[in-house]
Each structure stands twice: as C-alpha cells, then as structure tokens.
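Here the structure is laid out as structure tokens; the discussion comes afterwards.
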Amino acid sequence: MINYTYTVWIVLIPLFMFVILGLFGMKMRNSLAGILGSLGLFTSTVLSYITAYFYFFKVGPVDGVFQSVSAYNIEWLAFTDTLKVHLGVFLDPISVMMLVVITTVSLMCHIYSIGYMKGDTGFQRFFSFLSLFTFSMLFLVIATDIIQMYIGFELVGLSSYLLIGHYYEKPAAVAAANKAFIVTRFADFGFFVGILLVSFYTGTFDFTVLINGDGSIFAGMAAASFMGMNIITWAMLLIFIGGAGKSALFPLHIWLPDAMEGPTPVSALIHAATMVVAGVYLVARMFIVFHFQAPDALEVVAYVGAFTSLFAAIIAITQYDIKRILAFSTLSQIGYMILALGVSGYGGEEGVGYMASMFHLTTHAMFKALLFLGAGSIIHAIHSNDLRDMGGLRKYMPITFITFAIAVLSISGIPPFSGFWSKDEILAAAFEHNKIIYFSSVLVAGLTAFYMSRLFFTVFFGKKTEYHHTPHESPWVMTIPLIILSIGAAFAGFIPFNELVTSDGAVFESHLSMSIALPSIGIALLGIFFAFLLYYKKSNTPDKITTSLGFLYKTTLNKFYFDELYLFVTKKIIFNIISQSIAWFDRHVVDGSMNGIAWVIEKTSVKSKELQSGQLQQYAFIFVAGTIILVLCFAYLFN
Amino acid sequence: MIHGIPIQYFLIVSTIMFFVGVCGFIIRRNLITILMSVELILNAININFLVFNRYLFPHQLQGNFFALIVVAVAAAEASVAIALFINMYRRFNNIDVENISEMKY
C-alpha cells in the first residue's frame with residue numbers, strides 16, 4: 001500500500017498561493033506574482049502526475065479493479081454520532097484523472113496569463129483569484145464527502161464570479177458576473193435540497209458509503225414517494241439540477257455565453273475546461289446511485305444532455321463573437337458528456353458511456369482550453385472579439401494558426417486527433433442505448449465541424465482585412481502553453497481510458513467499430529467541406545443564405561430569445577407581480593405593525609415625559625388635585 | 001373661650017387662607033409671591049392649631065407651641081429662600097419660576 005497523504009498538498013499549495021498573493025501581491029512586481037502563482041501550481045501539477053502514476057500504474061488494479069483510497073480524512077462537523085461531515089482526499093479513477101486534467105490546464109492558463117494579462121492593473125488580484133479557483137476545483141474533485149463537494153461547488157461559483165467580474169469597471173462584466181453567480185447559486189439550492197434528502201434517508205454524507213454499490217441504504221428512499229415519484233428519483237434530479245447549473249445545461253445555460261466577459265484565460269480555464277465539467281463530474285461521482293436507484297433520473301440526464309448539445313450547436317453557427325462561438329461549443333460538448341453518462345450502463349462494456357464521458361471530458365479540456373487560449377492570442381493581436389474584423393491571420397500568427405488547426409480538427413472529430421476517439425465512444429454508447437439520442441449526436445458532430453471550420457476559415461483565411469497595425473505573433477509565454485496543449489489535443493486520444501477510468505473500476509476491452517466511426521467522420525468532413533465552400537474565400541453566399549432563412553436565422557442569432565424570456569419572467573412576472581406584492585406586504589403589514597408599536601410607545605413616552613417637567617407648580621398642582629380627589633373619594637366611601 | 005364667636009368662623013377664615021395660599025402657590029410665577037403664598041398656608045395652619053387648642057383643650061399648650069415652632073421654621077425658611085432669590089436675581093436678572101431652568105437638564 002502506498003501512502004497518499006501527500007496528495008493533500010496538491011490542494012493546499014494553491015490555497016497558500018491565494019493567501020500569499022492576496023495579502024502581499026500588491027507589494028510584488030507583476031512578473032513575480034505571476035511566476036510565484038505558476039510555480040505553486042507547477043508543484044501541484046507534478047504532485048498530481050506522481051499521484052496518477054502511482055495510482056494507475058505503480059499500484060494498479062487489485063483483482064482487475066481500481067480501488068478507491070481515502071488518502072486523508074478529518075472529521076469536520078459531527079451532527080450526530082452517525083451523521084458527520086468529513087473533509088479529506090478521496091482518490092478513485094475519476095478523481096485522479098480530474099486532478100491531472102485540472103492541474104495541467106490550470107498550469108497552462110497560469111503561464112499564458114503572465115503574457116496575456118501583462119500591464120493589467122489587477123494582475124496580482126487576477127493571479128490570486130486564479131489560485132483560489134484552482135484550489136476550489138481541486139477541493140471539489142477530491143471530495144470525500146458530499147458536503148465537501150457542495151462546499152467546492154460554492155467555492156468555484158464564487159471564484160468564477162470574481163474572475164468574470166475582473167474588469168469590474170465594465171458594466172457588462174459586472175452584469176455577467178452577477179448572472180453567473182445567481183444562476184449557479186440558484187441551481188446549487190436544488191443540489192442542497194437533494195443532499196438533505198439523501199442524508200435524511202441514508203444517514204450519511206460519505207461517498208464511500210453512498211457509492212459502494214450496496215443499494216440497501218437507499219431502501220427507505222425508494223419506498224417513500226412524493227407526487228408519484230419515489231424520493232430517490234427526486235433527490236437525484238435535484239442533485240442533477242445543481243450539476244446542470246454549474247455545467248450550464250439547458251435551461252440553465254444562459255450564464256455561460258455572458259461569462260465570456262471575463263479575461264480569456266479565465267474563459268479557457270473555468271468556462272471551458274474545468275468548472276463547467278463540475279456537473280458532469282458530479283453525475284459521474286453519483287453515477288452508481290443514478291444507475292441503480294434512479295434510472296428515471298438518468299433518463300432525464302440523457303435527454304437534457306442531448307438537447308443541450310443540439311441546441312447550443314445550432315446557436316453557435318450564427319454567432320459572430322469568437323468567444324461566444326467557443327462558449328456555445330462548450331455547451332454543446334458538455335451536453336455530449338452528460339448524454340454519454342445518461343445512456344451509460346454499469347460495469348464492463350455496458351459502462352462504455354461512462355468511460356466515454358470521462359474520456360471526452362479530458363480531451364475536451366485539452367482542445368477547448370487550446371481553442372480559447374488561441375482565441376485569446378488572436379484577440380491579443382487585433383484587439384477585437386468580432387469575427388467580422390478578422391481574416392487572413394495565418395501569415396501573421398503561424399504558431400496560433402497551427403495549434404488552432406489541431407484543436408479544430410480535434411473538436412470536429414477527425415482521426416487521429418483526440419476528439420475523434422472520445423466522440424466515437426460517446427456515439428457508440430448512444431447507439432447501443434438510444435437511437436434518437438444517437439442521431440441527434442451525429443447531427444451535432446456535423447454541426448460542430450461546420451461551425452468550428454467556419455470560425456477557422458474566417459479568422460485565418462478569407463478576406464484580407466485592413467488592420468490598424470500589423471498583427472503579430474504572441475510572446476513565447478503565450479505560445480508555449482498553446483504548443484503544449486496542442487500536443488495534448490492531438491495525442492490525448494491514445495490514452496487507454498478503458499483500462500483506467502471505467503464505471504466499476506474494472507478494465508474492459510474497447511474496440512473501434514467502423515459502423516459508428518465512419519458515419520461520424522463522414523458527417524464531420526461534410527461539415528468542414530460546407531464551411532470551406534462558404535467561408536474559405538470571401539463570398540456573399542452566407543449572406544444570401546441568412547436572408548433567405550429570415551426568421552429562423554434571426555431567432556438563432558438571438559439564441560432562441562432565451563435571455564429575453566428569462567428577463568421577461570424575472571423582470572415582468574417575478575419582480576412586478578410576486579416581489580412587488582411581497583414588498584407591499586413587507587412595507588405595510590410587517591413594517592406597519594412594528595412601526596405602529598414603536599409609534600404607540602413613542603407617543604406614550606413623550607406624554608409621560610411631560611410629567612417630569614421640572615415645573616414645581618405643576619407638581620404642586622397635581623399633588624393638590626390628587627389630594628382633593630382622594631379626599632372626595634374617602635368622603636364618599638366612608639360617609 | 002372667646003365669647004360670641006363660634007369655632008366655625010375661625011375655621012372658615014383659615015380654610016379660605018389655606019386655599020388662597022394653595023392657589024397662589026400654583027398660579028403665581030413670581031418666586032416672592034410664591035413664598036408669600038407658602039407663608040399664607042403656614043399661617044392658616046397656625047390658626048387651626050391655636051383655635052383647636054383653645055376650643056378643645058383649653059388647659060394644655062401643645063397647639064400653642066406647635067404654632068410657635070411653625071412660625072420659627074417659616075422665618076428660617078423665608079430667610080434662606082430670600083437669600084436664594086437674591087442670588088438668582090443677580091444671576092438671571094429675574095425671579096420668574098418658569099425661566100429658571102438652567103439646572104434642569
């Protein structure tokens with residue numbers, strides 16, 4: 001047995017970095033703060049790789065199954081003798097995989113930010129929050145306990161809020177930060193109620209008990225029912241709402257596109273690679289409960305995932321903001337991961353969806369972080385987010401061009417790049433279990449290839465736009481992370497996930513089925529081909545198509561008016577009708593009764609204060625009057 | 001025993017004096033007038049003491065002595081009070097009871 005206690009440092013080092021940079025950052029030179037943050041994270045990254053090496057290869061599976069290890073565990077709160085909250089480090093294949101993914105992407109974003117954020121006034125603040133985020137995310141994935149995970153959810157929500165609002169002088173950034181925080185916080189409420197339900201019936205928060213495959217603790221929940229569904233289904237749905245909020249699944253997706261107001265490395269780290277997969281991770285963590293106790297909830301998960309991926313892919317086609325396209329693409333890919341979990345079975349080859357989801361999470365983290373960092377590099381060069389301001393950039397920015405190309409091929413699912421392998425597994429899993437979801441996923445694969453190629457051709461080929469000053473390649477601190485991530489995006493597909501991360505921890509045989517792979521490659525190539533026709537050379541065909549589609553195009557461009565719908569519901573219905581009446585009740589009835597009591601007391605005291613006037617004659621008068629009254633009374637009584 | 005004058009006459013006079021004093025005490029604003037009113041009350045009491053002593057217990061002297069004590073106390077009180085009033089007048093230039101509120105709060 002290997003002692004994994006050191007893994008606690010993977011989490012604590014970013015926390016220390018946050019404290020140090022937060023307290024003393026302002027006294028440091030910018031470059032020092034950046035290097036310090038990156039060095040701290042580099043240590044965490046090395047430790048994560050060591051952990052992964054020991055966990056997957058040195059110790060390996062025992063009797064063919066990867067064992068979960070409780071590396072560090074302290075009791076934090078004890079509600080009763082049995083219901084306790086623990087904090088600690090829980091290692092199993094998915095958490096070790098997440099440690100590697102998060103620290104890698106986070107390290108790349110840290111290094112990249114040294115270049116990207118150069119000269120920004122909030123440089124140190126940015127790095128301290130980046131460390132806080134990394135800490136929170138690692139804290140979340142190593143959760144030994146469902147409450148620890150919830151704390152992690154809140155912490156990543158908070159750091160996401162802080163980082164989206166980095167440019168707090170910009171009203172749009174503030175609005176986006178608030179929106180992200182409120183939507184995710186709203187969803188976390190569902191998560192919390194789910195936790196309460198689960199812990200009430202099972203009497204435990206501990207993952208080792210909840211997910212050990214023994215369903216007997218859920219017997220009470222399965223028996224109890226509420227509004228025609230048993231409690232366990234309700235609880236898992238509520239927990240899934242928490243995950244859906246963080247992962248920006250339909251209909252809680254509205255915050256993610258706006259979150260692009262944050263600095264680009266933040267978008268790459270939080271809103272593409274790590275935080276938004278927290279929901280996927282949550283479902284994967286509770287997968288065994290979903291699958292055995294609440295198959296109906298898992299069905300919902302699958303359809304929500306499939307719908308989100310299709311919905312977001314359609315919107316992505318029409319957008320012009322380069323970061324928003326990537327944001328919608330992120331939504332779509334997360335939908336993929338979620339639907340893969342939704343259609344997955346448990347154990348061996350049945351669990352291919354689970355494996356595929358985790359696989360896609362890893363490859364997506366690589367290529368999407370790369371896409372965002374590449375987009376950041378482009379924005380850095382030409383100071384615009386708008387696709388219409390870009391064109392012909394391949395000559396000016398060769399490294400960005402090549403790495404971006406790798407990422408686009410990867411996300412489009414062209415072999416041998418990483419996205420192909422994971423997407424293929426997802427499609428295989430969907431094909432096995434649900435044909436509708438399979439066809440929608442294949443369609444999404446085609447759309448993905450189309451909109452990514454549209455972006456790619458417009459930015460790097462297409463018309464020659466006149467620039468104010470000649471765009472130049474980014475400095476090496478920005479290109480090196482691009483190169484490293486592009487290696488990941490190109491080759492992560494060769495990681496044998498079926499031997500590492502599976503639903504039951506056991507190794508199974510995975511094989512590439514041509515009947516799944518060929519159609520997906522075909523439709524991806526078709527998508528790229530169409531994009532090539534439309535956008536490789538400047539032409540007015542796309543404009544003609546958009547005008548002929550008219551209403552459909554406008555609806556899609558406006559993201560199916562979901563923001564407007566939410567605004568209508570919140571501003572018109574909730575604020576006006578519900579909140580106004582509650583406010584009226586509060587001001588008039590609640591405050592009124594309180595103010596009334598205060599008014600009575602005040603008046604009484606003013607009146608009684610007048611008795612103490614200090615006027616001798618008044619006292620004398622009262623004394624005399626009282627005496628006379630008493631005398632009269634006695635005279636009447638004893639007469 | 002004073003011939004021809006019944007006790008009620010004395011009591012009526014003293015009662016009138018007493019209530020005149022009380023009214024003066026309550027109504028008047030000038031401190032000296034108030035002091036005079038107090039003297040009026042005291043003297044009304046004195047009359048009562050003397051009259052009751054004379055009519056009820058003619059061979060005893062308690063009432064007379066009480067009256068003497070009251071006169072003595074009234075004299076002492078008047079001297080202290082007037083000393084105070086003089087000081088007040090020097091300080092505030094008037095001795096209106098409602099205006100002297102400097103030490104009230």
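Projected over every direction and averaged, the convex hull enclosing the alpha-carbon atoms of the stretch B:7-93 yields 5.8 nm². Between the C-alpha center of the stretch A:354-375 and that of the stretch A:519-584 there is a gap of 24 Å. Helical content of chain A, expressed as a calculated mean residue ellipticity at 222 nm, amounts to -22000 deg cm²/dmol (DSSP H runs of 4 or more residues, -39,500 (n - 2.57) each, divided by residue number, nearest 500). Measuring r between the beta carbons of A:Thr121 and A:Asp296 and using R0 = 60 Å, the FRET efficiency lands at 0.70.
For A:Asp145, the residues whose modelled amide H falls within less than 5 Å of its own, excluding neighbours fewer than 5 places apart on the same chain, are A:Phe207. Legend: ranking of residues A:Cys109, A:Cys633 from fewest to most surrounding C-beta atoms inside 10 Å; resulting order A:Cys633, A:Cys109.
With angles folded into 0 to 90 degrees, how steeply does helix A:476-491 sit against the dominant principal axis of chain A? Use alpha carbons for both and round to 10. So the inclination is approximately 70 degrees. Residue by residue, the stretch A:42-49 carries 3J(HN,Hα) couplings of 4, 4, 4, 4, 4, 4, 5, 5 Hz when phi is fed to the Karplus relation 6.51 cos²θ - 1.76 cosθ + 1.60 (θ = phi - 60°); x denotes Gly or Pro.
Summing Cβ point charges (Lys, Arg +1; Asp, Glu -1) relative to the Cα centre of the stretch A:430-520 gives a dipole of roughly 500 debye. Relative to the longest principal axis of the Cα atoms of chain A, helix A:7-24 runs at roughly 60 degrees. One decimal place: the segment A:Leu512-A:Leu637 gains 33.7 nm when fully extended, by the rule 0.36 nm per residue minus the C-alpha distance. Under 21 Å from the Cα of A:Lys395, which lysines turn up, not counting those fewer than eight places away in the same chain? Partners within reach: A:Lys463, A:Lys464, A:Lys537, A:Lys538.
Computed from the Cβ-Cβ distance with R0 of 25 Å, the FRET efficiency linking A:Phe494 to A:Lys395 stands at 0.20.
Among the chymotrypsin sites (Phe, Trp or Tyr not before Pro) in the stretch A:535-639, those located in a DSSP loop and surrounded by at most 16 other Cβ atoms within 10 Å of their own Cβ are A:Tyr536, A:Phe638. Each residue in A:His110, A:His511, A:His364, A:His166 was given a count of other beta-carbon atoms within 10 angstrom of its own, and listing them fewest first yields A:His511, A:His166, A:His110, A:His364. Return the tail of the calculated pair distribution for the protein assembly as shown, meaning the percent of Cα-Cα pairs more than 37 Å apart. Tail of the P(r) past 37 Å holds 52 percent of the pairs. All other residues whose Cβ lies under 13 angstrom from that of A:Ala176 are scored, Lys and Arg at +1 and Asp and Glu at -1, for a net of 0. Once the Cα atoms are used to define both axes, helix A:398-412 deviates from the longest principal axis of chain A by about 80 degrees. Which entries of A:Lys368/A:Lys435; A:Lys179/A:Lys571; A:Lys179/A:Lys559 show an alpha-carbon separation above 19 angstrom in the structure shown? Correct reply: A:Lys368/A:Lys435.
Residues A:Val600, A:Val198 in ascending order of nearby Cβ atoms (within 10 Å, fewest first): A:Val600, A:Val198.
Between A:Met26 and A:Glu169, the FRET efficiency estimated from the beta carbon spacing at R0 = 22 angstrom works out to 0.75. Karplus-derived 3J(HN,Hα) values for the stretch A:316-325, using 6.51 cos²θ - 1.76 cosθ + 1.60 with θ = phi - 60°, are 4, 4, 9, 6, 10, 6, 4, 6, 5, 4 Hz; glycine and proline are entered as x. Within straight-line reach of A:Lys118, meaning a Cα separation under 19 Å, sit the following aspartates and glutamates at least 8 residues removed in sequence or on another chain: A:Glu169, A:Glu261, A:Glu473. When both the stretch A:95-128 and the stretch A:4-58 are represented by their alpha-carbon centers, they are found 11 Å apart. Using alpha carbons only, how many angstrom separate the centre of the stretch A:219-289 from the centre of the stretch B:1-67? Going from one Cα centre to the other spans 98 Å.
Grab the Cα-Cα distance for B:Met36 and B:Arg91, subtract it from 0.36 nm times how many residues apart they are, and report the gain in nm with one decimal.
Using 0.36 nm per residue and subtracting the Cα-Cα distance, I get 17.6 nm.
Our helix-only sum for chain B, with -39,500 (n - 2.57) per DSSP H run of n ≥ 4 divided by its residues, gives a mean residue ellipticity at 222 nm of -26500 deg cm²/dmol.
Counting only lysines at least 8 places from A:Lys609 when in the same chain, those with an alpha carbon closer than 21 Å to its own are B:Lys104. Were the residues from A:Phe42 through A:Lys603 laid out at 0.36 nm apart, the gain over their Cα-Cα distance would be 195.0 nm. Modelled this way, with points 7 Å down the Cα-to-C-beta line, the labels at A:Met227 and A:Ile182 are 2.4 nm from one another.
Only the coordinates and a few stated rules stand behind these numbers; no lab work does. Values in this document were obtained by computation on a predicted structure and should not be read as measured data. Here Cβ is always computed from backbone atoms with ideal geometry, including for glycine, and neighbour counts include all displayed protein chains.
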